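Student: My structure is below; once you've seen it, I'll send some questions.
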Amino acid sequence: MILKKINVFLNKGSDRSSLIKKNILATLLIKGISVLISLLYVPITLNYLNPTRYGIWMTLTSIVAWMGIFDIGLGNGLRNKLAGALALGDNVKAQKYVSTAYAMLSLIVISILVIFYIANHWINWSFVLNTTENYGQELKTLALIVVTLFGLKFVLNIISTIFTADQLPAIGSIFEVIGSAIGLLIIWILTLTNKTSLVTFGIATMLTPAIIYLAASFYFYQKKYSYLKPSWNSIDLSLAKDLTGLGIQFFIIQIAVLVIFQTSNILIAQFFSPAEVTPYNIVFKYFSVLTMFWGIIMAPLWSAFTQARAHNDIEWIKKTIAKLNKFMFLTVFIVLFMALGAKEIVSIWTSGQIIIQPIMVWIFALYTLISIWNNIYAFFLNGVSKIRIQIFTSIAAAILHIPIAFLLVKHYKMGSEGVVLSMAISLSFFAIAGPIQSYKLLKTWNSN
C-alpha cells in the first residue's frame, strides 16, 4: 500500500516533475549514506591524525581547491549547453560539447600541474599553513600528491556533469559516495597501525574517488552515453566560445565563491592556528547535513529550469519556486532545533575531543539559512543563464569578505566566529538582489 502511494506520488505531474521527484528520492537515499560516511569520517580522521594535523589537512585542501577556478567555468558552461542540446535532441552537438570540454580541461590541468611541480620546490608550506618546520618535507610531498589527484579528478568529473545535465544527478552522486566509502574504510584500517602519516592519508582520501570516476567514465561511455563518448574527431574548438562565453561568467562567480568559502580556513589558521580550523570545520560539517539535503532537492532543478525555459514553461518555474519557498519556511525551524542541540551532539560525535562555542553555532545557523535561501534563486538564475546580478553581488562579497573578517577578529576581538559572520554578511547581498531579479524575469516572461 505504501509503495503504491509512493509510486503514484513519483509519477504524478509532468514528465519533468516526475523525473525530478524520482531523482530527489534516489539522491536522498544516496546522500543519506553520504551523511553517515561524513559523520564517521570526522572521529576516525581525528583518531588517526589528531586535531592539529586535521586542521593542516583542511587548510591545505582549501588551498588546493583553488585549482577548481581554472576550468574558467567550463563545467557549468557545459552543464547548461549540454542540457539545452539534449532538450532539443541535438546529439551530434552534444557530443561535440563533451569532447571539446574534455580537451580544454585536460590542457588546463596539464598546464597547472607543470607549473605547480616547478613551484612546489620553492613553496614553504610550513609558513603558508602557519605550522612548525617539522612538517616541511611531509607537506611538500602531500601537496604534490593532492594537487595531482585533484587535477585528475577535475577532468574525470565531467561524467557527473553529463548526468546532471541529463537531469539524473542521483547517478552522479553514487560515484562520490562509493569513493568516500572506500576511502573511509582505508583510513579506518590505517588507524589500526601505529604510524600517522598525512601523505598516506592524502593518498587514501584523494586516489579512491579518482579511480571510481575513471571506471564510471569507461563504463557509461560504452553503455548509456555511447552517443556522447568523447573522441578526437568530435573536438570542435569553434564551440569553445559557446562553453567559455557563459563559462567565463560562471568563472567569475567561482572565484568569488572560493574567496568567501575557501579562504575562511586559511584566515582562521593565520589569525589563530591550524588547530582552530578544526572546531570551525566540525560545526560547518554539522550544519552541512541540512545544506546537503537542500542540495539533493536543488540538484535536478538547475537543468530542469534550463529545459523549462527552452520549452517556455514559465508556469512550471513559478510553481516550483513557490514550493521551494514554502519548504524554506520549515527549514528555519529545523535550523533552530539543530542549533539548540549542537553542543551536545558535537561532543558525542567527536567523543569529547572538540568543544564548540554557542556563538559559533548561532552564527553558523544564520549563515546556513542565508546560504540555502540564496541557492533557491541562484539555481534558477544559473539554469536560465541570467547571472549578471549574481556576478556583481559575488564580486562585492569576495572583495568585502576578508576586510570584514579582519575587522571583526582584530578590532572587535571576535574569535573564529568572526570569520563565519563575515561569510554570512557577504552572502546577504545576493539574498536580497537574487529574488528581486528572479521575480522581475518571471514577470517579463509571463507578460510576453
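The values are calculated or read from the model by the stated rules, or taken from the named source; none is laboratory data. Here the structure is a predicted model, which means the values were calculated and not measured. Here Cβ is always computed from backbone atoms with ideal geometry, including for glycine, and neighbour counts include all displayed protein chains.
Student: Looking only at residues that are buried (at least 19 other Cβ atoms within 10 Å of the Cβ) and more than 30 Å from SER438 (Cβ to Cβ) in region 351-376, which one is modelled with the highest pLDDT?
Tutor: In this case the residue turns out to be VAL361.
Student: Right, here's the next one. I'm checking my understanding of the structure. Among residues of region 124-156 that are in a loop (DSSP other than H, G, I, E, B) and within 27 Å of the chain's Cα centre (by Cα), which one is farthest from THR61 (Cα to Cα)?
Tutor: Step one: of region 124-156, the residues in a loop (DSSP other than H, G, I, E, B) are 124, 129-132.
Now restrict to residues that are within 27 Å of the chain's Cα centre (by Cα): 129-130.
Values: LEU129: 11, ASN130: 15 Å.
For region 124-156, the residue satisfying everything is ASN130.
Student: Follow-up. With the condition kept exactly as written, say whether any residue in region 185-196 is in a helix (DSSP H, G or I), under 24 Å from the mean Cα position of the chain (by Cα) and farther than 21 Å from SER62 by Cα. Can you show your working first?
Tutor: We begin by selecting, within region 185-196, every residue in a helix (DSSP H, G or I); these are 185-191.
Subset that is under 24 Å from the mean Cα position of the chain (by Cα): 185-187.
Of the ones still in play, those that are also farther than 21 Å from SER62 by Cα are 185-186.
Yes - at least one qualifying residue is present in region 185-196.
Student: Answer with yes or no whether LYS386 is under 18 Å from PHE250 (Cα atoms) and of a type in the set (Lys, Arg).
Tutor: Details: under 18 Å from PHE250 (Cα atoms): yes; of a type in the set (Lys, Arg): yes.
The answer is yes for LYS386.
Student: Out of curiosity, is ILE314 touching a Phe, Trp or Tyr at 6+ places or on another chain (Cβ under 8 Å), of a type outside the set (Lys, Arg), over 18 Å from SER422 (Cα atoms) and surrounded by fewer than 19 Cβ atoms within 10 Å (Cβ to Cβ)? First the steps, then the outcome.
Tutor: Numbers: touching a Phe, Trp or Tyr at 6+ places or on another chain (Cβ under 8 Å): yes; of a type outside the set (Lys, Arg): yes; over 18 Å from SER422 (Cα atoms): yes; surrounded by fewer than 19 Cβ atoms within 10 Å (Cβ to Cβ): yes.
Yes.
Student: Which of the numbered conditions does ILE212 fail, given that it passes all the others? Conditions: (1) of a type in the set (Val, Ile, Thr); (2) loosely packed, with under 13 Cβ neighbours inside 10 Å; (3) modelled with pLDDT of 90 or more.
Tutor: Among (1) of a type in the set (Val, Ile, Thr); (2) loosely packed, with under 13 Cβ neighbours inside 10 Å; (3) modelled with pLDDT of 90 or more, the lone unmet condition for ILE212 is (2).
Student: Can you tell me which residue is nearest to PRO274 (Cα to Cα) among those in region 91-128 that are of a type in the set (Ser, Thr, Tyr) and either crowded, with 17+ Cβ neighbours inside 10 Å or in contact with a Cys (Cβ under 6 Å, 6 or more places away or on another chain) (or both)? Before you say what the answer is, go through the steps one by one.
Tutor: Within region 91-128, the first condition is being of a type in the set (Ser, Thr, Tyr), and the residues that meet it are 97, 99-100, 102, 106, 111, 117, 126.
In the following step, the residues that additionally are either crowded, with 17+ Cβ neighbours inside 10 Å or in contact with a Cys (Cβ under 6 Å, 6 or more places away or on another chain) (or both) were identified as 97, 99-100, 102, 126.
On the way: TYR97: 42, SER99: 41, THR100: 40, TYR102: 36, SER126: 11 Å.
Taking the candidates together, the pick is SER126.
Student: Considering only residues that are touching a Gly at 6+ places or on another chain (Cβ under 7 Å) and farther than 23 Å from PHE220 by Cβ, look in region 77-124 and name the one that is modelled with the lowest pLDDT.
Tutor: Within region 77-124, the match that is modelled with the lowest pLDDT is ILE112.
Student: Among the residues of region 401-425, count how many are of a type outside the set (D, E, K, R), surrounded by fewer than 16 Cβ atoms within 10 Å (Cβ to Cβ) and part of a helix (DSSP H, G or I). First the steps, then the outcome.
Tutor: Step one: list which residues in region 401-425 are of a type outside the set (D, E, K, R), which gives 401-409, 411-412, 414-416, 418-425.
Now narrow it down to the ones that are surrounded by fewer than 16 Cβ atoms within 10 Å (Cβ to Cβ): 403, 406-407, 411-412.
Now narrow it down to the ones that are part of a helix (DSSP H, G or I): 403, 406-407, 411.
Qualifying residue count for the region: 4.
Student: Tell me whether region 223-230 contains one or more residues that are touching a residue at least 60 places away in the same chain (Cβ under 8 Å), in a helix (DSSP H, G or I) and touching a Lys or Arg at 6+ places or on another chain (Cβ under 8 Å).
Tutor: no
Student: Within region 323-368, can you find the residues that are of a type in the set (Gly, Ala, Ser), in contact with a helix residue (DSSP H, G or I) (Cβ under 7 Å, 6 or more places away or on another chain) and not in a helix (DSSP H, G or I)? Lay out the reasoning, then the answer.
Tutor: Of all residues in region 323-368, those of a type in the set (Gly, Ala, Ser) come to 339, 341-342, 347, 351-352, 365.
Then keep just the ones that are in contact with a helix residue (DSSP H, G or I) (Cβ under 7 Å, 6 or more places away or on another chain); that gives 339, 342, 351, 365.
Within region 323-368, just SER351 meets the criteria.
Student: To continue, here is another question. All but one of (1) buried (at least 20 other Cβ atoms within 10 Å of the Cβ); (2) farther than 23 Å from SER99 by Cα; (3) touching an Asp or Glu at 6+ places or on another chain (Cβ under 9 Å); (4) aliphatic (A, V, I, L, M) hold for MET206, so report the exception by its number.
Tutor: Result: MET206 fails condition (3) only.
Student: Filter region 383-414 down to the residues that are among the polar types (S, T, N, Q) and under 16 Å from VAL257 (Cα atoms) and list them by number. Before the answer, list the steps.
Tutor: Step one: filter region 383-414 for residues among the polar types (S, T, N, Q), giving 385, 390, 393-394.
Scanning region 383-414 gives GLN390, THR393, SER394.
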